[in-house]
Ligand code: AMP
């Protein structure tokens, strides 16, 4: 038997119903906040990610699916969305302010486990060409509103500022010196990260105790970064978005400046409890060869959002299932057609089956109502979950009735 590759998932019904409703919810919220859809390729020249995500990151060093095409060019399956979108923005001539949303599969060669997959699904937004703290707050609010309506239990927004090109160098020097003094207490991974990407060490689960008193970026912010951070917090309060300042929060990707944030589901295992995150990346466009362009964005991991929620596989998938007496079969199918045109989600069996056999299929269909058709002008409508008497509705009124009772 052929199997899917390790670290990938097949999402079939009924589980896929929850995916569909969550993806719709995301489309709804991102559209409500004014983010237009953007589609970029699933693969890019490797350099886009090597430069855009950062040579020193785990993603670039260990996790990319990189291959040569027939002409020997190095291509990589996208491990994240931001670098591609900024590449596309530059290629389109850097068209000023642009708010875009995306959704799709990402690929990272990871050690697979629950909530850590080799192909996983992210949704996200990028707000390009905007440098004000209001844009940071807007992006953070969007993720918070979506995750709240998606009923992620124990949701916490963690917030930090990482400084910028002005103030971060001094911080990194101090941090490196501090870490060098404690080098022998650090794990092998942290020792390797210390020089190239010292902030990663703050994030290391193994070294947590050693770095408990390490210097943090917030203590080194220049006046401009400090002001920006204060404004982000105050805009978030004005928007009623609760957050927790988290001085040790860093992000795995290199290009973040100033604001960094993460959405944590405290209901999940600590190792995989980040359902999403993001931040400001004012340096990224230049790293990719474009003009200096501020930007802020977020990415949310759908696989983890679904893990964090209680399973709801029995979500209603149809408004109605139509069953018909064999003599009224054509009427039944005509009704199905009319209902679909009227925007009612409905279905019926396709083969010729007895009324009883159709009822059995209806029971398993996850429909809300079963609509029973015979030769008379009235149909019987039954709530499939039971507990109610059948309701008689005029044949002509079925669509209106179902829409009113969706
Ligand atoms: P990142 O692009 O690393 O900032 O990740 C953003 C979000 O994507 C994380 O908070 C996770 O929810 C999700 N994510 C990242 N990597 C994986 C993975 N390998 N498997 C599942 N979800 C992931």
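Out of the residues in region 72-109 that are within 10 Å of the ligand (Cβ to nearest atom) and in a loop (DSSP other than H, G, I, E, B), state the one that is surrounded by the fewest Cβ atoms within 10 Å (Cβ to Cβ). Please lay out each step first, then the result.
Pass one, region 72-109, residues within 10 Å of the ligand (Cβ to nearest atom): 79-82, 106-109.
Retained after the next criterion (residues that are in a loop (DSSP other than H, G, I, E, B)): 79-81, 108-109.
Details: 79: 24, 80: 19, 81: 23, 108: 20, 109: 15.
That would be 109.
Would it be correct to say that residue 150 is farther than 28 Å from residue 107 by Cβ and either in contact (Cβ under 8 Å) with a residue 40 or more places away in the chain or within 15 Å of the ligand (Cβ to nearest atom) (or both)?
Details: farther than 28 Å from residue 107 by Cβ: no; either in contact (Cβ under 8 Å) with a residue 40 or more places away in the chain or within 15 Å of the ligand (Cβ to nearest atom) (or both): yes.
Against the criterion (farther than 28 Å from residue 107 by Cβ and either in contact (Cβ under 8 Å) with a residue 40 or more places away in the chain or within 15 Å of the ligand (Cβ to nearest atom) (or both)), residue 150 does not qualify.
Considering (1) within 15 Å of the ligand (Cβ to nearest atom); (2) more than 23 Å from residue 212 (Cβ to Cβ), the lone condition that residue 226 does not fulfil carries the number (1). Yes or no: residue 268 surrounded by 18 or more Cβ atoms within 10 Å (Cβ to Cβ), under 28 Å from residue 153 (Cα atoms) and out of contact with any strand residue (DSSP E or B) (no Cβ under 7 Å at 6 or more places or on another chain)? So residue 268 passes the test.
Of all residues in region 110-135, those satisfying the criterion of being more than 9 Å from the ligand (Cβ to nearest atom), in contact with a helix residue (DSSP H, G or I) (Cβ under 7 Å, 6 or more places away or on another chain) and modelled with pLDDT of 95 or more are 123, 125, 126, 127, 128, 133, 134.
Within region 39-62, the residues that satisfy the criterion of being surrounded by fewer than 16 Cβ atoms within 10 Å (Cβ to Cβ) and touching a strand residue (DSSP E or B) at 6+ places or on another chain (Cβ under 9 Å) are 39, 42, 45, 47. Annotation note: of 165, 192, the sole residue that is farther than 21 Å from residue 259 by Cα and outside any strand (DSSP E or B) is 192. Checked against (1) at pLDDT below 95; (2) within 22 Å of residue 190 (Cα to Cα), residue 64 passes all but a single condition, namely (1).
Yes/no per residue for (1) within 16 Å of the ligand (Cβ to nearest atom); (2) surrounded by 13 or more Cβ atoms within 10 Å (Cβ to Cβ):
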{"position": "2", "(1), (2)": "no, no"}
{"position": "8", "(1), (2)": "yes, yes"}
{"position": "11", "(1), (2)": "yes, yes"}
{"position": "17", "(1), (2)": "no, yes"}
{"position": "24", "(1), (2)": "no, no"}
{"position": "28", "(1), (2)": "no, no"}
{"position": "31", "(1), (2)": "no, no"}
{"position": "34", "(1), (2)": "no, no"}
{"position": "37", "(1), (2)": "no, no"}
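Only one entry in 318, 402 is in contact (Cβ under 8 Å) with a residue 60 or more places away in the chain and surrounded by 16 or more Cβ atoms within 10 Å (Cβ to Cβ), namely 402.
The values are calculated or read from the model by the stated rules, or taken from the named source; none is laboratory data. All values reported here derive from a predicted model rather than from experimental measurement. Here the Cβ is made from the backbone with ideal geometry for all residues, glycine too, and neighbour counts use every protein chain on show.
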